[in-house]
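A short write-up of the structure that comes next.
The values are calculated or read from the model by the stated rules, or taken from the named source; none is laboratory data. What you see is a predicted model; the values in this text were computed from it and never measured. Cβ placement follows ideal geometry from the backbone for every residue including glycine, while neighbour counts extend to all protein chains displayed. Protein only, heavy atoms only, side chains kept; ligands, DNA and RNA dropped before computing areas. Shrake-Rupley method; radii C 1.70, N 1.55, O 1.52, S 1.80 Å.
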Amino acid sequence: MYLTYTNDQRGMLKALALIESNDNPNAIGDRSNPDGPALGPYQIHQHAWNEISDWRAKHGMDVRPYHTATDPQSSKYYALSFMTWIQSEFVTHHKALPSPQLLYACYSLGPSIIPKIKSMKGLTIGTAPFEPIMLVSKAQTTPLTSVGYPYALARRKMATGQRYANLLTAHLESIRDLGIPLLWK
């Protein structure tokens, strides 16, 4: 068995924390958001935390209060839960996992993306490094613009998603070629 994006949860989470906050558990971002600031290494807003809590409770997982968003363990569990939720919606509606780029873009849009996943257009089954099959987009912004997000926002989210995918690819190539993980010890 070879290492893939989806079975290297530590790599996925470390790359996410680096992109979101430079892996800073005390990070406070997006202070002007009406929902309040985003907290912790995974930059989760309180409303998103509450929705992820509901999903976790529905799936028999423990639920933690929002003030623990700066705790590396609590925030890691919540980020992983949200990424798992996104992936399961893609598999349910499109019969394949999203590319890391698309996964990141959806993560950064928050739980409001979940009901829109089923209506995304411009996705095709393809391959990517370290994955046998996944959803990729023909035009970078189409999956997000097809469900109502403005082009500029879609372009920005997908560009950051590409940086996320590049980190994961470098990490997995380093493990494969040198036996040295870049994102975790």
Legend entry - Within the range 86-185, helices (runs of 4 or more DSSP H) holding 3 or more residues that are open to solvent by 50 Å² or more (accessible area, probe 1.4 Å) and over 23 Å from Asn33 (Cβ atoms): 151-178
Inset, instruction - Search the range 112-129 for residues that are farther than 21 Å from His47 by Cβ and pair each with any residue that is of a type in the set (Ser, Thr, Tyr) and part of a strand (DSSP E or B) when their beta-carbon atoms are under 6 Å apart and the residues are at least 6 apart or on different chains. - result: Gly122/Ser137; Leu123/Ser137
Inset, instruction - Might you check whether a residue that is without any contact (Cβ under 8 Å) to a residue 60 or more places away in the chain and open to solvent by less than 20 Å² (accessible area, probe 1.4 Å) occurs anywhere in the range 61-70? - result: yes
Legend entry - Residues satisfying the stated conditions in the range 136-156, i.e. touching a residue at least 24 places away in the same chain (Cβ under 8 Å) and closer than 16 Å to Phe90 by Cβ: Val136, Ser137, Pro143, Leu144, Ser146, Val147
Inset, instruction - Scan the range 1-54 for residues that are under 13 Å from the mean Cα position of the chain (by Cα), open to solvent by 60 Å² or more (accessible area, probe 1.4 Å) and modelled with pLDDT under 95 and jot them down. - result: Gln9, Arg10
